[in-house]
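The values are calculated or read from the model by the stated rules, or taken from the named source; none is laboratory data. Everything numeric in this text was worked out from a predicted model, so none of it was measured. Note: ideal-geometry Cβ built from the backbone for every residue, glycine included; neighbour counts use all protein chains shown. Calculation scope for accessible area: heavy atoms of the full protein, side chains included, ligands and nucleic acids excluded. Shrake-Rupley method; radii C 1.70, N 1.55, O 1.52, S 1.80 Å.
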Amino acid sequence: MRIRKSRAARAVVVTLAMGLAVTSCASDRDEGGKGEAGDTFIFGAAGDPGSLDPALASDGETFRVTRQAFEALIEHEPGGSQLTGGLAESWEGSEDGTEWTFKLRKGVEFHDGEKLTAEAVCKNYDHWFNWSGTYQNSAVSYYWQTIMGGFKKNEDKETPEANYVSCTAEDELTPVIKVKEATANLPGGFSLQALAIHSPKAIDAYAKEEAKGEGDAITYPKYSQEAGTVAGTGPFKISKWNKGNKEITLERFDDYWGKKAGVEKLVFRTLDTEEGRRQALQAGDIHGYDLVAPADVKTLEKDGFQVPTRDVFNIFYLGFNQENNKLLKKKEVREAIAHAIDRDNIVETQLPEGGVKASQFMPDTVAGYSGDVKVYEQDVEKSKELLADAGEKSPTLDFCYPTEVTRPYMPAPADMFELMKTDLEKVGIKVKPRAMKWNPDYLDSVQNGKCSLYLMGWTGDFNDGYNFIGTWFGGYDKQWGFKDDKVFDAMKAASSEPDAEKRTELYKKANEVIMDFLPGLPISSSPPSIAFAKDVNPPKVSPLTQENFAEVSFK
């Protein structure tokens, strides 16, 4: 799982305190080019998307595709993490943070001809709030539960209490969203792709189909797996998903409200390996790809390819699940694992220039980073002693890792796994490898607590500390499988604090509590690179990996 300056010359005024905001902005999408180029831009994706409905997803490969077709109420500045207007030109939070009023843009049309109105916005939020059955599975509705809590009728005792109250149309272009309690997840959460706005006609069609299954055996609804039903407001519309060829085709939406896309067609083609993506770019079969292997950057640049590097805004970690394996309930075992791992070696051998070792579950670019957390340097003898103290000299742990994918924080999953496996075996821990395809097998297994040890990470959705540590530790989560009031209380105190400066200090304290408890081991943060062909005018690269491919054109 897992937050733009004004796009015009007019100023943007933003006041953020506990997420309360009054914002006014204009976008250069309102004015500018018609995008007359008739070319096709092909991008090499690292993995298959899981769904064409972003509300059912929590992974970057899905959002990379859907972001071109769906827009949220709030967006981010190109190349940065500052919130700016999306489908809403401006927004305002009440003093207590429980009511959010949006002023929508005029003349916005969905791909199916429906008009953007306040009622359309509310239909989306009420649709999500009324989800039932498999839709309430945390792996399916992850972001809704993270931002808005549970549902109108929770069907599982582990589902969080609903924070969403209602959405009302004050007038045709003014939706008002109410929540029970103020949260640091807002207004940033309104920028999430998972909460992007769909056509009301499409939502009616969605209701005729259901997700089925439970745990890690989920069948997603047919509409989310085939092009034709989903309809957003973005500069591209999804026209075809050829799963056999691992390709999704999007076409320019000529009735787009802002600046038209610079290419006629956009194709995402899944190429499972770094080498395969690099060779495809060099051969001219694709025009760009993400997550360039660190060793390939200089080679590509020398050959004239464009390889911009994003700013650091991610975290990579080794996760522990205390329910899946009772050994991990013992703090000594968790600490032994932490002291076994040589994170310096991982940074030096696996990450691009600028990668850093992590000390906590957020990068130091996020407010709330603490300089006083408990640290766990590699110490083989100490690790062995901790295992002996726990009465577990030679424990066996299953260790899940993903295949057929690379992530911004994890450029080479198999290689990183092998390094950690070697480190663990040095201290006497027996490792049972479990390699799985990233989507859906690996994601479902991790999110449903089926792995004792696993590799995972996070690229921030919006710039608030809660989007990192609150994502995992605001309450019970199957991924981690623990319940600890000290951790949960520290996160709740930070989330509900209305003063931004005080909240930042509470984030620091929360980081200290989390790293003392040690639910997992933060490994590193890295600046991922993205590559483009010589004849491409690339989009502004985003630290959130939220590139807008409508900005692409050919030279």
### Query
For the chain, which whole-number percentage of the solvent-accessible area (1.4 Å probe, protein heavy atoms only) is attributable to carbon and sulfur atoms?
44
### Task
Quick one: dipole size for the chain, taken about the Cα centre, charges +1 on Lys/Arg Cβ and -1 on Asp/Glu Cβ, in debye to the nearest 20.
500
### Label-to-label distance, nm, for residues given as THR349 and ASP535 (7 Å Cα→Cβ offset)
4.1
### Computed E for GLU247/VAL356 - FRET, C-beta separation, R0 35 angstrom, nearest 0.05
0.45
### ³J(HN,Hα) computed for each position of segment 469-481 - Karplus, 6.51 cos²θ - 1.76 cosθ + 1.60, integer Hz, glycine/proline x
5, x, 4, 9, 10, x, x, 4, 9, 4, 4, 9, x
### Message
Quick check: residue separation of ALA414 and THR309 times 0.36 nm, minus the Cα distance between them. What number comes out in nm?
### Response
35.5 nm
### Task
Please tell me which of these pairs span more than 30 angstrom C-alpha to C-alpha: LYS152/LYS450; LYS430/LYS492; LYS450/LYS502; LYS326/LYS421; LYS106/LYS201; LYS259/LYS302?
LYS430/LYS492; LYS450/LYS502; LYS259/LYS302
### Task
Take the Cβ-Cβ distance between ASP255 and GLU181 as r, set R0 to 51 Å, and report the resulting FRET efficiency rounded to the nearest 0.05.
0.80
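With every protein chain left in place, what is the accessible area per residue of the chain in square angstrom, probe 1.4 Å?
Per residue, the chain has 38 Å² of solvent-accessible surface.
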#### Entry: Nearest-0.05 FRET efficiency for ALA295 and GLU161, computed from C-beta distance (R0 60 Å)
0.80
### Query
What full-extension length gain, to one decimal in nm, is calculated for GLU377 and ASP39 as 0.36 nm per residue of separation minus the Cα-Cα distance?
116.5 nm
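With Cβ to Cβ distances under 10 Å as the rule, what net charge do the other residues near PRO433 carry (K, R +1; D, E -1)? Could you put the intermediate results ahead of the total?
Values: positive: LYS421, LYS432, ARG434; negative: ASP398, GLU418.
Within the 10 Å Cβ shell, the charges total +1.
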### Query
Relative to the present Cα-Cα distance, how much length would full extension add between PHE554 and ALA217 at 0.36 nm per residue of separation?
117.0 nm
### Zone of ALA367's modelled label, taken as backbone nitrogen in segment 470-504 under 12 Å from a point 7 Å along Cα→Cβ
498-504
### Cβ crowding within 10 Å averaged over residues, with 545-555, 291-301, 332-342, 151-161 ranked highest first
332-342, 545-555, 291-301, 151-161
### Task
Can you tell me the order of 355-364, 82-91, 110-119 when each peptide is scored by its average per-residue count of other Cβ atoms within 10 angstrom, highest first?
82-91, 355-364, 110-119
### Task
Would you mind computing, in nm to one decimal, how far apart the modelled labels at LYS393 and GLU210 are, each placed 7 Å from Cα along Cα→Cβ?
5.5
